[in-house]
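Have a look at the structure below before the remarks.
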Amino acid sequence: MGGIFVNCRRGDAGAAAACYQELSRYFGAHQVFCDCVPMSPAAICPAASQQALEQAQAVVVLIGPAWLVASAGGRRLVDQEQDRVRREIGRAFERGIAVVPVLLDSAPHPTVAELPPEIARLVDSRPARLRQRRFTDDVRRLAERLVEGAPGLLLARLFEPLPRLGASYPPSFLLRAEHRVVPFCRRDDELAALRRWVNGPGQFRARLLTGPAGQGKTRLADQLISQLRAAGWTAGFVPAELPTQVISQAGELRVPILLVVGDAERRATQLAGLAAALVARPAGTAKVRLLLLARAAGGWQQELLRRPAEAVPTELPHTTLSSLVPDARQRRGEFAQALKAFGAALGRPTAGAVVPLDLSDRHYGQVLAVHAAALAAVLDGTEPEVAQSADPLTAAQDPVARVLAHERRYWTRTGAAHRLPDLADLRFDQVVTVATLFGAPTPEQAVTVLGALPTFTGRPDEVHQFLCWVGDLYPGAGTLNPLRPDRLGEDLVAATVAGRPGVATGPAAVATADQLTRALTVLGRAAPRHRHLEAVITAVLNLDPQRSVPIAVAVARQLADSTALVRALSRVVTAQQNVEPTDDPTAHHPEQALDLYVSGLLTRAAMLGPAHLPEAVQSLAHAWAACRRTRTDLAAAVVAALDALAEHEAAAVRQAWQNTADRPYPGR
């Protein structure tokens, strides 16, 4: 399968190298060729360059300010038949592949009169532009343009771009697994087990790996990806916003492939599409493995397995990842290693760093907390005023709070560089909180949710200024991207909305359904550690119960601990209507209230749980009767709840169903 050929003049080699590097992050270095880049395959071997041009699906023509005036012997290079740039463009047109002219900074687009006839068609191609100040965004748009012209490149979009640390970045970046700052260790047994699974028999196999946030799931998967790539596999993390056409084309891959899907509990529909495409691959093709990462198994897993047998794996082996640092001795060793790694990454001394005295405390049970303590120790040594300004009780007990204090310091510095009108910490906190809670795939949605913050009332210009700031701070697939790792983002949200629920309810009132789903997920995940968030969840649900309650019910099935969300749901539903298991929905609940009625019964069943199994099944039976004919989505939620109960007492659930309902049991 061909890739992208970058055509340029030697005078534009600097821009070509930068373009090559960025496009390689999107499509993989093996998919991008440029003979102007030192040490690239095309530069080392001219024959490889010619082969790449013959196999390419698209050609990028970089046009700098001197592209036309470059001359040799008194004649413009482009007028000479042996001009390499001219010949490569001409060959691309002969082959009928996509040709995209890219203007560097202020370079003009050539006219027909300025070009020899065989490449005059270059004028007909809509040019892209690469500007130094907007280089990353411009390359992203160029990548999308290339996919438009060469749909086969979509397969390269199957994976998230390889990340990199720039010259300046927030402290939180050092804690993100994908940057691999702290060396991988202590997971050799788990890694070996995954390698055996990968290399085992069968053309298609799937596996589920669960563990709480900060346990090291992503880092383990990343190490597996690295090893498999070295062994010739195509492997990587699947992005959350994966285009449908990429999913459908995934089955066309004929190479061994590992797909890793993080946050799997939130991506059941995408998973079903991926699995269907991979299962449908012709017999005898290379192996494909699907590794799912989630905080916990639950109703979402059962919902996935209930899909048609030909569309999903028939089984999903499940491994729960144990703590990497179960005792104080191992935590001290991990702390020392992380301290050394962070000191080297930041170029800062670590000799005076203080080892926490409370490493035996339970809140260091996840490796992320140990790494946060090490990072905070390095940063405290060079910015002691930040450590002193943090809440002493919180900072002493929670290393994540110490890292957040340094993150805020970085916000202030970058805010000044962006010439923001108000450098108050609280404003920064609110903007990053909205980005973490709601996100936004487009600038329009970003402006809408940020503009709903009380701090921006009557100040639309400031919304755009802060949007530019937070977009540069946390780049990603969307316009608004979250603070990560997830634990940092969730703790920031909890601190920001404490006493200020409007930070959540204002944007929630104008959020899309996807944004509201995201917000309830973040709040629901953080609520077990921050009890005040239950009241915030209740306030968000009360904005529009008809819309938000069904979304919250779906989110509750995905959470490892849904207690706070279920309590909030119960409170809201009870306030809206008096739901009793003997109610007749057609008599007492009009059609527009069906969501609330079924959601109320689901909430009641969840509150009763296995301890009151007959009553819980009775509620689910009434919910099933109300929605089975007209609302398949709600019916699926009822069946998922039944299956969750059946995991504890399958026979008792079936018996309770028979005692209550006059129809066959719909669960597994």
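The values are calculated or read from the model by the stated rules, or taken from the named source; none is laboratory data. In this text the structure is predicted, and so the values were computed from the model without any measurement. Here the Cβ positions follow ideal geometry from the backbone for every residue, glycine too, while neighbour counts run over all protein chains shown. Just the protein is used for accessible areas: all its heavy atoms, side chains included, with ligands, DNA and RNA removed. Shrake-Rupley method; radii C 1.70, N 1.55, O 1.52, S 1.80 Å.
Between V100, V61, V112, which is on the phi < 0 side of the Ramachandran plot, open to solvent by 30 Å² or more (accessible area, probe 1.4 Å) and at pLDDT 90 or above? Don't jump to the end; show me each part of the working.
Working: V100 fails: open to solvent by 30 Å² or more (accessible area, probe 1.4 Å); V61 fails: open to solvent by 30 Å² or more (accessible area, probe 1.4 Å).
Going through V100, V61, V112 in turn, just one is on the phi < 0 side of the Ramachandran plot, open to solvent by 30 Å² or more (accessible area, probe 1.4 Å) and at pLDDT 90 or above: V112.
Restricting region 261-279 to residues that are of a type in the set (A, V, I, L, M) and either in contact with a Gly (Cβ under 7 Å, 6 or more places away or on another chain) or free of Cβ contacts under 8 Å to residues at least 12 places away in the same chain (or both), which is farthest from R207 (Cα to Cα)? First the steps, then the outcome.
Within region 261-279, the first condition is being of a type in the set (A, V, I, L, M), and the residues that meet it are 261, 264, 268, 271-272, 274-279.
Imposing the further condition that a residue be either in contact with a Gly (Cβ under 7 Å, 6 or more places away or on another chain) or free of Cβ contacts under 8 Å to residues at least 12 places away in the same chain (or both) reduces the set to 277-278.
Numbers: A277: 17, L278: 14 Å.
Per the stated criteria, the residue is A277.
Name, by its number, the condition in (1) over 21 Å from L368 (Cβ atoms); (2) over 16 Å from the mean Cα position of the chain (by Cα); (3) not hydrophobic (A, V, I, L, M, F, W, C) that does not hold for D491.
Unmet condition: (1).
Being open to solvent by 30 Å² or more (accessible area, probe 1.4 Å), touching a residue at least 40 places away in the same chain (Cβ under 8 Å) and either outside any helix (DSSP H, G or I) or under 19 Å from R133 (Cβ atoms) (or both) is the filter here, so list the residues in region 483-499 that pass it. Step through it out loud before you land on a result.
Pass one, region 483-499, residues open to solvent by 30 Å² or more (accessible area, probe 1.4 Å): 484, 486-487, 495, 498-499.
Checking the rest, the ones that are also touching a residue at least 40 places away in the same chain (Cβ under 8 Å) come to 484, 486-487, 495.
R484, the sole residue that qualifies.
Could we say that D472 is open to solvent by 30 Å² or more (accessible area, probe 1.4 Å), in a helix (DSSP H, G or I) and not polar (S, T, N, Q) here? Walk me through it before giving the result.
Details: open to solvent by 30 Å² or more (accessible area, probe 1.4 Å): yes; in a helix (DSSP H, G or I): yes; not polar (S, T, N, Q): yes.
In short, yes.
Would you confirm, using the coordinates I've provided, whether F204 is in contact (Cβ under 8 Å) with a residue 40 or more places away in the chain, within 29 Å of R557 (Cα to Cα) and open to solvent by 40 Å² or more (accessible area, probe 1.4 Å)? Give the steps one after another, and end with the answer.
On the way: in contact (Cβ under 8 Å) with a residue 40 or more places away in the chain: yes; within 29 Å of R557 (Cα to Cα): yes; open to solvent by 40 Å² or more (accessible area, probe 1.4 Å): yes.
In short, yes.
Could you say whether any residue in region 502-511 is open to solvent by 30 Å² or more (accessible area, probe 1.4 Å), outside any helix (DSSP H, G or I) and at pLDDT 95 or above?
Looking for residues that are open to solvent by 30 Å² or more (accessible area, probe 1.4 Å), outside any helix (DSSP H, G or I) and at pLDDT 95 or above, one finds at least one in region 502-511, hence yes.
Mind counting the residues in region 216-232 that are open to solvent by 10 Å² or more (accessible area, probe 1.4 Å), in contact with a Leu (Cβ under 7 Å, 6 or more places away or on another chain) and either part of a strand (DSSP E or B) or not hydroxyl-bearing (S, T, Y) (or both)?
Total meeting the criteria: 3.
Taking region 424-445 as the search range and keeping residues that are among the aliphatic types (A, V, I, L, M) and surrounded by 24 or more Cβ atoms within 10 Å (Cβ to Cβ), which one is nearest to A477 (Cα to Cα)?
The residue in question is A440.
Quick test of your reading of the structure: Q132 fulfils all but one of (1) over 21 Å from A16 (Cβ atoms); (2) modelled with pLDDT of 85 or more. Name the failing condition by number.
(1)
Of everything in region 628-662 that's of a type in the set (G, A, S) and over 30 Å from the mean Cα position of the chain (by Cα), which residue is farthest from H612 (Cα to Cα)? Let's see the steps before the verdict.
Applying the first criterion (of a type in the set (G, A, S)) to region 628-662 yields 635-637, 640-641, 644, 646, 650-652, 656, 661.
Those left that are additionally over 30 Å from the mean Cα position of the chain (by Cα): 646, 650-652, 656, 661.
Values: A646: 13, A650: 14, A651: 15, A652: 11, A656: 11, A661: 17 Å.
Result: A661.
Hey, among the residues in region 143-164 that are open to solvent by 60 Å² or more (accessible area, probe 1.4 Å) and over 16 Å from H30 (Cα atoms), which one's modelled with the highest pLDDT?
E144
Are any residues in region 165-175 buried (at least 18 other Cβ atoms within 10 Å of the Cβ) and not in a helix (DSSP H, G or I), and if so, which ones?
P170
How many residues, within region 604-632, are charged (D, E, K, R) and surrounded by 24 or more Cβ atoms within 10 Å (Cβ to Cβ)? Break it down into steps so the answer makes sense when it comes.
Taking region 604-632 as the starting set, the residues that turn out to be charged (D, E, K, R) are 604, 615, 628-629, 631.
Adding the requirement that they be surrounded by 24 or more Cβ atoms within 10 Å (Cβ to Cβ) leaves 604.
Result for region 604-632: 1.
Tell me, please, whether a residue that is in a helix (DSSP H, G or I), touching a His at 6+ places or on another chain (Cβ under 7 Å) and modelled with pLDDT of 85 or more can be found in region 378-388. Reasoning before the result, please.
Just the residues of region 378-388 that are in a helix (DSSP H, G or I), to begin with: 378-382, 384-388.
From the residues that got through so far, the ones that are touching a His at 6+ places or on another chain (Cβ under 7 Å) too are 379, 386.
From the residues that got through so far, the ones that are modelled with pLDDT of 85 or more too are 379.
Within region 378-388 (the criterion being in a helix (DSSP H, G or I), touching a His at 6+ places or on another chain (Cβ under 7 Å) and modelled with pLDDT of 85 or more), the answer is yes, since at least one residue qualifies.
Which ranges mark the helices (runs of 4 or more DSSP H) fully within region 391-466 that have 2 or more residues being hydroxyl-bearing (S, T, Y), modelled with pLDDT of 95 or more and in contact with a helix residue (DSSP H, G or I) (Cβ under 9 Å, 6 or more places away or on another chain)?
Values: elements: 392-397, 399-417, 425-437, 443-451.
Answer list for region 391-466: 425-437.
Examine region 305-316 for a residue that is surrounded by 14 or more Cβ atoms within 10 Å (Cβ to Cβ) and modelled with pLDDT of 90 or more, and state whether such a residue exists. It would help to see each step written out before you state the result.
Pass one, region 305-316, residues surrounded by 14 or more Cβ atoms within 10 Å (Cβ to Cβ): 305-307, 311-313, 316.
Filter once more, keeping what is modelled with pLDDT of 90 or more: none.
Within region 305-316 (the criterion being surrounded by 14 or more Cβ atoms within 10 Å (Cβ to Cβ) and modelled with pLDDT of 90 or more), the answer is no, since none of the residues qualifies.
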